[in-house]
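**Student:** Handing you this structure, nothing more for now.
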Amino acid sequence: MTVTLSRLYDDPVAAHRAVMDLEVSGIPSADISIVSSNADQTYRSDSKMARKVDRDLDGVDDRAEGAGAGAGMGAVLGGTAGLLAGLGLMAIPGLGPVVAAGWLAATATGAVAGGAAGGIIGALTQAGVPKKDAELYAEGVRRGGTLVTASVPDGHRARCEAIMDQAAINIREREQSYREAGWSGFDPAAKPYSADEIRTEREIYRERTLR
């Protein structure tokens, strides 16, 4: 028996680390997915990531120095093995531009292409995520977050949750913040956030975290 675990991150680098730690723990790349907002063009297919990627925590940027024009996302990430090597740019209705890899992204884009309602909401609920939580995760990505979802054996659930929880946001607290600001549910027809709006959103939660 397997269970689906999803976590939302404000920092995409923390989400990348969670993915890699899951892989190191023995979860196959095929059972993990990542969807990250790219409204601010943090990721570009023709340049290196704007953020440092420090997989080994040695304080040195791990990306290949030569990642240049025409480089794929795998090269952008310094030749990372596993799921992150397959990151690609795409657009998902309601979320806007994202960079994504894995089964969730494939299911979400497939649903859109096939005319199925829901997109990422449908993909998450199909995987067993409650609709209420699926809407929160989708809204979180729309506002600049990164979603990591993994299908793991039930016997490994506690270990995988511990890995994913390390830098994840508290989804219930974030839901309260959204609702206090007037949010009532995810709208796939809503206009995606702009780069400026996402920067403002991230700053709000960064300040709350520092308090």
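Every read-out reported here was derived from the displayed coordinates using simple, explicitly stated rules and does not represent laboratory data. Please read all numbers here as calculations on a predicted model, not as lab measurements. Using ideal geometry, Cβ is built from the backbone for each residue, glycine included, and neighbour counts are taken over all protein chains shown.
**Student:** Full extension from M1 to A181: what is 0.36 nm times the residue separation minus their Cα-Cα distance, to one decimal in nm? If you can, show how the numbers build up before the last one.
**Tutor:** On the way: separation 180, 0.36 × 180 = 64.80 nm, distance 3.89 nm.
Full-extension gain reported as 60.9 nm.
**Student:** Give the shape of segment 119-211 as rounded, prolate or oblate, defined through the alpha-carbon gyration tensor: a ≥ b ≥ c are the square roots of its eigenvalues, a/c under 1.5 means rounded, and otherwise the shape is prolate if a/b is larger than b/c and oblate if not. All intermediate terms of the calculation are to be shown ahead of the outcome.
**Tutor:** Working: a/c = 2.08, a/b = 1.32, b/c = 1.58.
Oblate is the answer for segment 119-211, as a/c is 1.5 or above yet b/c matches or exceeds a/b.
**Student:** May I pose another question? When you count, for each residue, the other Cβ atoms within 10 Å and take the mean per peptide, how do 35-43, 18-26 rank with the highest first?
**Tutor:** On the way: 35-43: 21.2, 18-26: 18.1.
Ranking, from highest mean packing down: 35-43, 18-26.
**Student:** I would also like to ask the following. Ordered by packing density, taken as the mean number of other Cβ atoms within 10 Å over each peptide's residues, highest first, how do 158-166, 8-16 rank?
**Tutor:** Numbers: 158-166: 16.0, 8-16: 20.3.
Ranking the peptides 158-166, 8-16 by packing returns 8-16, 158-166.
**Student:** Between A14 and A167, what is the label-to-label distance in nm when each label sits 7 Å out along the Cα-to-Cβ direction?
**Tutor:** Each label point is offset 7 Å from its Cα along the Cβ direction, giving 0.7 nm.
**Student:** Hey, another quick one. Between R199 and R159, what length comes free when the chain is fully extended (0.36 nm per residue of separation minus the Cα-Cα distance, one decimal in nm)? Spell out each step's value before the answer.
**Tutor:** On the way: separation 40, 0.36 × 40 = 14.40 nm, distance 3.27 nm.
So the chain would gain 11.1 nm between R199 and R159.
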